[in-house]
Amino acid sequence: MFPMPQLSTRRHRLNRSGEIVSSRVVHREVDGRNGELVPFTIAIVALDDGPWVYSWVVGSVSRCTSEPMRVRYVPGVTAERLPVFRVCSEHCGVRTRSAAA
């Protein structure tokens, strides 16, 4: 048996930006859409100050790029207790994890 990793449940003040580590489009029902399935993107975001968080992402997430996909936190908006990030049109003005390595 492998020991289970310890997960932090403490609140963390979210950095304003980061980059997507992994993402997937999920189709879910939305109130008021009569059972119609709507696509949403859920992602793991590596924040620029270190922590990784599960989040919802607004905007088009391209899987066909060699560049890291940069996102910026949308303050005051949560969806099912997850933070929401928006895809940046530019690099959000900070270095990427791959450039820092």
### Query
Does region 67-76 contain at least one residue that is crowded, with 16+ Cβ neighbours inside 10 Å, touching a Ser or Thr at 6+ places or on another chain (Cβ under 7 Å), closer than 18 Å to ARG28 by Cα and at pLDDT below 90?
no
#### Entry: Residue check for CYS88: at positive phi and either open to solvent by less than 30 Å² (accessible area, probe 1.4 Å) or modelled with pLDDT of 90 or more (or both)
no
#### Entry: Condition broken by ARG63, with the remaining ones in (1) at pLDDT below 90; (2) exposed (fewer than 12 other Cβ atoms within 10 Å of the Cβ); (3) in contact with a strand residue (DSSP E or B) (Cβ under 7 Å, 6 or more places away or on another chain) satisfied
(3)
### Query
Out of region 17-37, which residues are over 21 Å from PRO75 (Cα atoms), of a type in the set (A, V, I, L, M) and either modelled with pLDDT of 85 or more or out of contact with any strand residue (DSSP E or B) (no Cβ under 7 Å at 6 or more places or on another chain) (or both)?
VAL25, VAL26, LEU37
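The values are calculated or read from the model by the stated rules, or taken from the named source; none is laboratory data. Being a predicted model, the structure only gives us computed values, none of them experimental. A quick note on method: Cβ atoms are made from the backbone with ideal geometry, for glycine too, and the neighbour counts reach across all protein chains shown. Surface areas here come from the heavy atoms of the whole protein model, side chains and all, with no ligands, DNA or RNA. Shrake-Rupley method; radii C 1.70, N 1.55, O 1.52, S 1.80 Å.
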